[in-house]
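Comments concern the structure below.
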Amino acid sequence: MSTVDRNQPLGTPTWIDLTVPDLDRAQRFYGAVLGWTFDGDHCLLRDLPVAGLRQAADPRPAWTVYFAADDCDATAKAVIAAGGKVLDQPRDDSDHARVAVAEDPTGARFGIWQGRKLPGTRLVNEPSALMRNDLVTPVPQPARDFYCTVFSFTLDGNDDLPGVDFTFLRRPDGHEIGGIMGDQSAPAPAWGTLFLSTDADAAGARAVEHGGEIVEAQDSPYGRMVTIRDPFGAEFVLGS
């Protein structure tokens, strides 16, 4: 487990949030599944912010991952220069951070996070906290080129997944921040969010009890993976 108390290097997945049409119902669901408590727009684990949850109409609710940036405005310009789009221009999120929302050339949405008082999710790699994010896209090569250009990532293969079109993304210091999977059957390019769980199947059962559904449950080289769809249609993975 890790406690985060400072801004992370460029390109590190550093915050996640979700917009839902019914905040009370979402809080009941995620409180039951992940044990979170809530303070305003923040989801708390051990009284520390680990995600954002806010109410607004959204035709396609989905968890959005935000990548760390030293300069949100400059990174937004780099997104455009590399062939992406800026969907929400850089703005101040109170005194927490300067943020923007962008889209890569394959259509996958992501955020940019320049931490101020809030460096991002304060807990990672422990049960009910963010563990990793991977991009699944039917057109992986433009995505790989894009993220390497914007965030100075390098690519690395994965021998654990023979026959799968998957590459790790690594920061310049060699730290793995996630990966990109090419999947021709993917309905749309999207960054996935995986939360660590002590028992993914039990958490999946709680999700069903509170209005969600299990999309898929399978064993992987990295453990048990249960994909959940919440009551609003947003998907995430529980890994144990």
Net +/- balance of residues flanking GLU235 in space, Cβ distance below 13 Å, scoring K and R +1, D and E -1: -2
Near VAL215, within a Cβ-to-Cβ distance under 11 Å, what is the net charge of the other residues, with Lys and Arg +1 and Asp and Glu -1? -3
For segment 168-173, Karplus couplings with θ = phi - 60° (6.51, -1.76, 1.60), whole Hz, Gly/Pro x: 6, 9, 10, 5, x, 7
Which net charge results for the neighbourhood of ARG91, defined as the other residues with beta-carbon distances under 13 angstrom from its beta-carbon, given Lys and Arg at +1 and Asp and Glu at -1? -3
Pairs of Cα atoms under 8 Å, at least six residues apart: use those to get the relative contact order of the chain, whole percent. 20
Of the accessible area of segment 89-240, computed with a 1.4 Å probe and all protein chains kept, carbon and sulfur make up a percent value of 49
Debye log10 I(q)/I(0) for the chain, one point scatterer per Cα, at q = 0.07, 0.14, 0.16 Å⁻¹: -0.21, -0.91, -1.22
Å² per residue, accessible surface of the chain at 1.4 Å: 45
Determine the calculated [θ] at 222 nm for the chain from helices alone, applying -39500 (n - 2.57) to every DSSP H run no shorter than 4 residues and normalising by the residue count; nearest 500 deg cm²/dmol. -5500 deg cm²/dmol
Taking the Cα centre of segment 115-240 as origin, sum charge times position over the Cβ atoms of Lys and Arg (+1) and Asp and Glu (-1), and report the length of that vector in debye to the nearest 20. 660
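The values are calculated or read from the model by the stated rules, or taken from the named source; none is laboratory data. What you see is a predicted model; the values in this text were computed from it and never measured. A quick note on method: Cβ atoms are made from the backbone with ideal geometry, for glycine too, and the neighbour counts reach across all protein chains shown. In case anyone asks, the SASA skips ligands and DNA or RNA and just uses the protein heavy atoms, side chains included. Shrake-Rupley method; radii C 1.70, N 1.55, O 1.52, S 1.80 Å.
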